[in-house]
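Here is the structure we will look at.
The values are calculated or read from the model by the stated rules, or taken from the named source; none is laboratory data. The model shown is predicted, which means the values in this text are computed figures rather than measured ones. Glycine gets a Cβ as well: all are built from the backbone with ideal geometry, and neighbour counts include every protein chain shown. Surface areas here come from the heavy atoms of the whole protein model, side chains and all, with no ligands, DNA or RNA. Shrake-Rupley method; radii C 1.70, N 1.55, O 1.52, S 1.80 Å.
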Amino acid sequence: MADAETDSLTAEQQACLALWAVPGLGPRTLAALRAFADGRLAPLATTPVGDWVSEAPVSPQVRRRLATLERLPVVAERLQEACRAGGMRVAFAEQRAYPERLKQVEDAPPLLFHKGQPGPPRRRVAMVGSRHPDQGFLPFARAFARQVAEGGVGVVSGAAAGVDRACHWGALDVGAETWAFLGSALDALDPAQARLLPHFLERGGVFFSELPPGVRASTSTFPRRNRLISGASDAVLVMRAGAESGSLHTARAGRAQGRPVLAMPGDVRQADAAGCNALLREGHASACLDAKDVWRAVGVDPGWMVAPGKADSWDGLSAEARGAYAVLDRIPRTFDEVLTGSTLTPAALVSALVELEMTGLVVQHPGRLYEKI
């Protein structure tokens with residue numbers, strides 16, 4: 001179930017999984033509980049809940065809910081069983097299946113439930129928009145997403161009807177990676193999402209949710225999930241949005257997270273373009289006129305990107321290549337800087353960097369500067 005394809009969880013992971021399923025217990029409360037337990041959650045898993053709940057730094061509502069539990073590992077096992085029954089896996093923040101960019105977000109969840117297997121690291125763009133855009137826009141959105149994805153960029157959205165779904169299909173058309181972050185648990189999909197899921201799984205896409213099994217979508221879960229769409233991406237593109245569109249929540253979350261925000265200008269007579277035009281007028285977004293603007297925003301040059309679906313699996317990399325990748329950053333580093341930060345010999349590092357370039361995980365800039373994708 002976890003990233004290592006095993007049902008075995010550490011005590012730390014058991015506590016994290018069980019606590020995360022308690023309604024009203026979010027990332028900040030979880031961090032407070034970790035501090036309460038001297039920096040680790042594991043002691044809370046190895047001790048009956050009744051022994052520590054009265055002193056725990058939680059709200060009265062959460063305290064009452066925790067008081068109904070006996071031991072956290074029992075709760076974790078029930079959740080694992082629900083995940084097994086629903087074909088879900090759990091990715092904890094320290095695991096590779098958890099989106100790398102999302103780890104940097106202040107209120108990121110400590111774990112995600114997912115269906116599908118996340119691919120190797122790459123640059124990604126959040127592409128969001130209205131459920132009911134102006135006539136003729138959806139085919140354009142699909143074609144635009146297809147072009148962006150052909151440049152090697154992953155497409156992230158919310159699997160909602162309209163623009164979101166068109167962008168997912170554009171990526172799937174060319175076998176590119178696409179991620180959907182949902183506002184419900186993965187075993188509580190609406191009919192349209194359930195129909196879309198097999199196409200995702202067949203073509204390498206992934207459904208993500210921070211919500212534990214059984215939680216249905218609500219008016220409060222959608223705004224929360226929007227921060228995950230932007231947080232897992234390198235930039236946000238609002239393709240169509242009315243003045244009150246939920247896509248504007250994703251744009252605001254992206255700005256707060258330091259992501260470049262782009263918007264497609266629209267006809268001022270079109271109500272569905274009012275949100276995009278307002279973002280541009282107020283200086284909250286840059287104009288996006290073609291795929292090159294997206295590629296520039298996420299920092300890629302399609303000339304050196306690996307074609308969608310062609311990159312080798314991370315699991316196939318040598319230990320040397322993985323070690324070199326861990327030293328690299330999204331700021332270009334010289335060969336000597338990488339060598340100093342690694343335990344490799346110069347010859348081994350040369351081989352590792354070539355391997356990473358061949359699999360599309362690293363690009364070499366002029367002057368022997370290396371940057372991870």
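Filter region 63-112 down to residues that are part of a helix (DSSP H, G or I) and polar (S, T, N, Q) and give me whichever is surrounded by the most Cβ atoms within 10 Å (Cβ to Cβ). Full working, then the answer.
Pass one, region 63-112, residues part of a helix (DSSP H, G or I): 63-67, 72-86, 101-104.
With the extra rule that they be polar (S, T, N, Q), the set shrinks to 80, 104.
Working: GLN80: 20, GLN104: 11.
Step by step, filter region 63-112, then rank; the result is GLN80.
Is there any pair linking a residue in region 324-343 that is closer than 10 Å to TYR370 by Cα to one that is surrounded by fewer than 16 Cβ atoms within 10 Å (Cβ to Cβ) and among the basic types (Lys, Arg), with Cβ under 7 Å and at least six apart or on different chains, and which?
THR334/ARG368; PHE335/ARG368
Only one of GLY299, GLY266, GLY275, GLY309 is in contact with a helix residue (DSSP H, G or I) (Cβ under 9 Å, 6 or more places away or on another chain) and modelled with pLDDT under 95; which?
GLY266
Being open to solvent by less than 70 Å² (accessible area, probe 1.4 Å) and farther than 24 Å from GLU210 by Cβ, is that true of even one residue in region 28-42?
Taking every residue of region 28-42 in turn, none turns out to be open to solvent by less than 70 Å² (accessible area, probe 1.4 Å) and farther than 24 Å from GLU210 by Cβ.
Just to be sure I understand the filter: pairs with C-beta atoms under 8 Å, separated by 6 or more residues or on different chains, first member in region 50-61 and assigned to a helix (DSSP H, G or I), second member open to solvent by 20 Å² or more (accessible area, probe 1.4 Å) and not polar (S, T, N, Q). Which pairs pass?
GLY50/ALA67; GLY50/GLU70; VAL53/ARG63; VAL53/ALA67; SER54/ARG63; GLU55/PHE36; GLN61/GLY24
Filter region 352-373 down to the residues that are among the small types (Gly, Ala, Ser) and surrounded by fewer than 16 Cβ atoms within 10 Å (Cβ to Cβ) and list them by number. Give the derivation first.
Looking only at region 352-373, we keep the residues that are among the small types (Gly, Ala, Ser), and these are 352, 360, 367.
Correct list: GLY367 only.
Please indicate, with yes or no, whether at least one residue in region 181-204 is in a loop (DSSP other than H, G, I, E, B), among the hydroxyl-bearing types (Ser, Thr, Tyr) and crowded, with 24+ Cβ neighbours inside 10 Å.
no
Report whether or not ARG216 is over 16 Å from the mean Cα position of the chain (by Cα), open to solvent by 20 Å² or more (accessible area, probe 1.4 Å) and under 21 Å from GLY170 (Cβ atoms).
For ARG216, the condition - over 16 Å from the mean Cα position of the chain (by Cα), open to solvent by 20 Å² or more (accessible area, probe 1.4 Å) and under 21 Å from GLY170 (Cβ atoms) - is not met.
Failed condition for PRO133, given (1) buried (at least 22 other Cβ atoms within 10 Å of the Cβ); (2) assigned to a helix (DSSP H, G or I); (3) in contact with a helix residue (DSSP H, G or I) (Cβ under 7 Å, 6 or more places away or on another chain); (4) not hydroxyl-bearing (Ser, Thr, Tyr), with all others met?
Evaluating PRO133 over (1) buried (at least 22 other Cβ atoms within 10 Å of the Cβ); (2) assigned to a helix (DSSP H, G or I); (3) in contact with a helix residue (DSSP H, G or I) (Cβ under 7 Å, 6 or more places away or on another chain); (4) not hydroxyl-bearing (Ser, Thr, Tyr) leaves (2) as the failure.
Cβ-Cβ under 9 Å, sequence separation 6+ or interchain: first residue in region 110-128 and under 11 Å from VAL298 (Cβ atoms), partner open to solvent by 20 Å² or more (accessible area, probe 1.4 Å) and small (Gly, Ala, Ser). Which pairs?
Between residues of region 110-128 that are under 11 Å from VAL298 (Cβ atoms) and residues that are open to solvent by 20 Å² or more (accessible area, probe 1.4 Å) and small (Gly, Ala, Ser), the close pairs are ARG122/ALA311; ARG123/GLY299; VAL125/ALA297.
Please go through region 335-351 and pick out each residue that is open to solvent by less than 50 Å² (accessible area, probe 1.4 Å) and either modelled with pLDDT under 85 or not in a helix (DSSP H, G or I) (or both).
Of everything in region 335-351, those that are open to solvent by less than 50 Å² (accessible area, probe 1.4 Å) and either modelled with pLDDT under 85 or not in a helix (DSSP H, G or I) (or both) turn out to be SER342, LEU344.
When you scan region 230-247, do you find a residue that is touching a residue at least 24 places away in the same chain (Cβ under 8 Å), touching an Asp or Glu at 6+ places or on another chain (Cβ under 6 Å) and closer than 30 Å to ALA76 by Cα, even just one? Outline the logic, then answer.
Taking region 230-247 and keeping what is touching a residue at least 24 places away in the same chain (Cβ under 8 Å), we get 230-247.
After this cut, where a residue has to be touching an Asp or Glu at 6+ places or on another chain (Cβ under 6 Å) as well, the list is 240, 242.
Next, only the ones that are closer than 30 Å to ALA76 by Cα stay: none.
There is no residue in region 230-247 that is touching a residue at least 24 places away in the same chain (Cβ under 8 Å), touching an Asp or Glu at 6+ places or on another chain (Cβ under 6 Å) and closer than 30 Å to ALA76 by Cα.
Scan region 267-279 and tell me whether some residue there is part of a loop (DSSP other than H, G, I, E, B) and either crowded, with 17+ Cβ neighbours inside 10 Å or touching a His at 6+ places or on another chain (Cβ under 9 Å) (or both).
Scanning region 267-279 turns up no residue that is part of a loop (DSSP other than H, G, I, E, B) and either crowded, with 17+ Cβ neighbours inside 10 Å or touching a His at 6+ places or on another chain (Cβ under 9 Å) (or both).
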